[in-house]
Amino acid sequence: MTLPWAACQVDPTRAGPVLVVGAGFGGAVMAERLASVYGIPSLVIDRRPHFGGMAHDRQDEWGNFVHSYGPHYFRTNSDRVKDYLSRFTEWTPCEYRASAMVGDRVFPFPLNLDTFEALTGAPATPELMAETLASWREDFPDPKNSEELVLSQVGRRLYELFYAGYTRKHWGKPASELHPSVCGRIPVKTTRDRRYLVERFQAVPTDGYTALFTRLLDHPLIELRLATELSDVLAREAGPFRHVVYSGALDELYGYALGPLEYRSVRWETTSAPVEFLLPEMQVNYPNDGDYTRRLEFKHALPHRRTLGTTVVTEFPEDWTPGKVPYYAMPTPDARAAYARYRALADAEPSLTVLGRIGSYVNYNMDQVTAQALALSDELGPRLTQGRAA
């Protein structure tokens, strides 16, 4: 099975640019590193009318940052990633907090001592919460799926209140069919620490992700073309390209020849109002009611920016079909096995490097994609410059 470009259009010994498909973190970091470190030009394309991929943001009429594809709270334990991206942005510290609407009550979430007290209606200590959770837990010493994992952590009552409905809405499948890591990412705390994230560095770009990407892609060896399909470039460019870096869906790249992979897609609805806030927290989950999973008001992340209006986005998960945006790779054994068949084809192509959240079929965070791109540029840059010198 061949890729959609002819072999003569990719030649690592020629001085042509690298074709980078996707202008999100993976593609943009690769292009910047190839240009700045190795002097290799890139043509970066994206089918969207903007760069930044799913991290793209904009400002509403009051100047609030609104994330076009849901919340993007940057966090990392990697000094290399933090130091690298800090060349292109300043940071505003941000502690990501969320709540859950259960019936007509709002509970702190993830589960912590405040949540426990709200549920029991009485003051408690970390020791009492730990003892109670121990009595509620079900015995799954080696959880095989997300349902078993949560039951082994907090028991059935809390599973039904906070996890089961949300998981089914988000993934279109029950937690019993999903890998334990899906719900395993959500912390359970017996203290009053309400932070959702555990990484050492937690922040957001002070002037937004769009500004970060503007600087990241501002290099004379990087050409950027938006609202551009890969097929358009291959039909119009004489070539050859030195290499292809691809961050899109592999099943689409191969024309779904082995069948479509499983993804979840998302629809967003936006609500704006001339008030300071509409939500009590940055994120409110709706595990049981409605066909939406969460509402988000990113304005809470920037306490120094107080405006007289606000914008809230609401997330509606939906089934994915070819033509829709794939937001999430499906975390099931069958889905991973199907991806592995496509990945074997791609790995056999010396002219192709696959990276990114969708390309890798792993629901990476932004720092993980950045780290992946930095590592792959360390490998690809020397190989392409040596090939050129030869």
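FYI, it's all coordinate maths here, none of it is from the lab. The shown structure was predicted, so the numbers you read here are calculated from the model rather than taken from an experiment. Every residue, glycine as well, gets a Cβ built from its backbone with ideal geometry; the counts of neighbours run over all protein chains shown.
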**Prompt:** In degrees, nearest 10, range 0 to 90: what is the angle between the Cα axis of helix 146-158 and the longest Cα principal axis of the chain?
**Reply:** 30
**Prompt:** Can you give me the pair-distance distribution of the chain, C-alpha pairs, 20 Å bins, whole percents?
**Reply:** 25, 54, 19, 1
**Fill in**
Rounded to the nearest 10 degrees, the helix 333-347 long axis (Cα) sits at an angle to the longest Cα principal axis of the chain of 20
**Prompt:** Tell me, what HN-Hα J-couplings in whole Hz come from the Karplus equation 6.51 cos²θ - 1.76 cosθ + 1.60 at θ = phi - 60° for each residue of region 86-103, using x for Gly and Pro?
**Reply:** 5, 5, 10, 7, 8, 10, 10, x, 8, 9, 6, 10, 9, 9, 10, 8, 10, x
**Complete:** Rounded to the nearest 10, the angle in degrees between the Cα long axis of helix 25-38 and the longest principal axis of the Cα atoms of the chain comes to 40
**Prompt:** Under the rule of -39500 (n - 2.57) per DSSP H run of 4 or more residues, summed and divided by the residues of the chain, what mean residue ellipticity at 222 nm is obtained, to the nearest 500 deg cm²/dmol?
**Reply:** -9500 deg cm²/dmol
**Asked** In the chain, what percentage of the DSSP-assigned beta bridges are antiparallel, given to the nearest 5?
**Response** 60
**Item:** Cβ charges +1 (Lys, Arg) and -1 (Asp, Glu), total dipole of region 112-184, debye
**Value:** 360
**Prompt:** Percent antiparallel among DSSP beta bridges with both residues in region 248-390, to the nearest 5?
**Reply:** 95
**Message:** Output wanted: per-residue J couplings in Hz (rounded whole) for region 113-121, from phi through Karplus 6.51 cos²θ - 1.76 cosθ + 1.60, θ = phi - 60°, x for Gly and Pro.
**Reply:** 4, 4, 4, 4, 5, 5, 6, 8, x
**Message:** As an exercise, take the mean of 1/r over every pair of distinct alpha carbons in region 112-184, invert it, and state the Kirkwood radius in angstroms.
**Reply:** 12.8
**Prompt:** Taking one equal scatterer on every alpha-carbon of region 1-129, how large is log10 of I(q)/I(0) by Debye at q = 0.19, 0.23 1/Å?
**Reply:** -1.20, -1.38
**Asked** Considering the dipole of the chain built from charges on the beta carbon (Lys and Arg +1, Asp and Glu -1) around the Cα centre, which of Leu161, Gly63, Met129 is farthest to its positive end?
**Response** Gly63
**Message:** Please list, in order along region 131-141, the HN-Hα scalar couplings obtained from phi with the Karplus expression 6.51 cos²θ - 1.76 cosθ + 1.60 (θ = phi - 60°), rounded to whole Hz, x for Gly and Pro.
**Reply:** 5, 5, 4, 4, 6, 8, 5, 9, 8, 10, x
**Prompt:** Just for the Cα atoms in region 218-267, what are the lengths along the principal axes, largest first, rounded to whole Å?
**Reply:** 38, 26, 17
**Message:** At 7 Å along Cα-to-Cβ for each site, give me the label-to-label distance between Ala15 and Gln59 in nm.
**Reply:** 4.2
**Message:** Need the list of lysines near Lys173 for cross-linking: C-alpha distance under 24 angstrom, and skip anything on the same chain fewer than eight residues off.
**Reply:** Lys144, Lys324
**Asked** Between Glu90 and His50, what length comes free when the chain is fully extended (0.36 nm per residue of separation minus the Cα-Cα distance, one decimal in nm)?
**Response** 12.2 nm
